[in-house]
Structures are given as structure tokens and as C-alpha cells.
Amino acid sequence: MQLMSERGAAGGGLRERKKRATRAALAEAAVRLAAEHGAEKVTVEAISAAAGVSVRTFFNYFDSRDDAFVVIDADAGARMRRAVLDAPADLSPLAALREAMAAELAEAEQQHELWRLHAEVLHASPHLLARGVGAHMAAEADLADAIALRLRGDGGTGGEGPGLYPRLLAAVAGAAVRTSMDHWSAHQEEAAFLDVFHEVFTLLAAGLPAPSA
């Protein structure tokens, strides 16, 4: 799950907010140019010009051109990890993860078009898609680790790995977000995205009971 949220830019000092805004502008420029021309035809120079920055500035945020297509918001995973660890102790792991994800997805409806273009760009390029899958798996593993640390309450130094439950919960939560987005995309006139998102997590919390006939 690749996330882009303005929520994270609201925190921190002015310098940090500017850095996040610049990175977001570069990522958006890269995705829009790739969607229009094909990723293989888009240069770092074109991305930088579209974002209104220098090529040198581009490489302050991305190690390579392809990173700009794949890693839209590199800080999202760290924000969710911290939110899971800092959530009130009386929240279940599922509820803590739900709240962390909901905060990142607060602007999902406004970002929907860009996310759609991002998916198109990745699926049009096998090597970018492979990198995107790798980034998703890494983010999922990081969330599983955060859930495990929350369950152990050891402050973050346990070395035995996340275990089955945290890995399953992180994977299921990622699938829940994708299902929420897919459903909302097809039924935008019926409900707001976050309403669909919370309904999906309510079904998860209830153990996925079969709907009544």
C-alpha cells in the first residue's frame, strides 16, 4: 500500500514541512509525466522542471529516477509505525492499526486520481511493478514488526521476529485498504471513502460474519 497524505506535512517545523511538500511535488510530477508519456520516456530533468526544482534537488530526495515513480511517500510507513506504537493501551492491535491507517488516508478522496495514475504507471512497467511490490512487502513487514512490539510491550528490542499474528494482521489490513478503495471507486456516490474504510474494519473486528440474505 503506497500512501500519500498531507496530514504528515502538518506536523514538524517549517523546514520539515517544506521538505515533505517538495518530495510530494516531485513524486506527483513523476507519476503524471509517466502516465502521459510512459515512464521510460520521462527524465529526471523533466520531473524536476515540472516540480519547479533543480535536478540537484531531485537527488536530495530520490536516489534514482525510478524511485520517484515507486516510492511516493517514504515517510508514511514510519508515521504509521509510530502511531501504532503510541496508540492508547486500551485499543486492540486491529483498532490501533485502523486508526493509524485512517489518519494517513484522511485525504484519500482528493488523492484518488493520483493513486489511480500511480497504479497505471506501475502496471505498465514490469520492473517498476516489481519494485512497487517489494516496497509494499517492506512496508507490510514494518507494520507487522510494530504490531509485535506493541503486543510484547518491550520498547522495540525483541529479536524473535513479528510472529504469525502480527504478520497476518498487517497483511489483512493492507487487503482491507485495497478493498475499501476498490469498492469506493466503483460506488463514490453512495458513501465517503472513510465511511467505507471504517465499515470494512468493523467487519474485520466482528470476525467477518456472513451477510444476512
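Would you mind checking the tilt of helix 193-205 against the longest principal axis of the Cα atoms of the chain, expressed as 0 to 90 degrees and rounded to 10? The helix 193-205 is inclined about 40 degrees to the chain. Kirkwood hydrodynamic radius of region 62-156, from the reciprocal of the average inverse Cα-Cα distance over all distinct pairs: 14.7 Å.
Ranked highest first by the average count of other Cβ atoms within 10 Å around their residues, in what order do 107-118, 29-40 fall? Walk me through the intermediate numbers first.
Working: 107-118: 16.1, 29-40: 19.1.
Answer by packing, highest mean first, reads 29-40, 107-118.
Between His136, Ser180, Phe59, whose Cα lies farthest towards the positive end of the dipole of the chain when Lys and Arg beta carbons carry +1 and Asp and Glu beta carbons carry -1, centred on the Cα centre? Final value for the positive-end residue is Phe59. Summary value for region 139-211: 25 percent relative contact order, contacts being C-alpha pairs under 8 angstrom separated by 6+ residues. Using alpha carbons only, the radius of gyration of region 1-124 set against its Kirkwood radius gives Rg/Rh = 1.02.
Could you point to the label whose value was computed as log10 I(q)/I(0) by the Debye sum over Cα atoms at q = 0.08, 0.13, 0.17, 0.18 Å⁻¹ for the structure here, given [x] -0.34, -0.82, -1.19, -1.28; [y] -0.28, -0.71, -1.21, -1.35; [z] -0.31, -0.80, -1.25, -1.34? Among [x] -0.34, -0.82, -1.19, -1.28; [y] -0.28, -0.71, -1.21, -1.35; [z] -0.31, -0.80, -1.25, -1.34, the one derived from this structure is [z].
Coordinate-derived values only; no laboratory data. Quick caveat: nothing in here was measured; it's all calculated off a predicted structure. Counting neighbours? That spans all protein chains shown, and the Cβs are built from the backbone with ideal geometry, glycine included.
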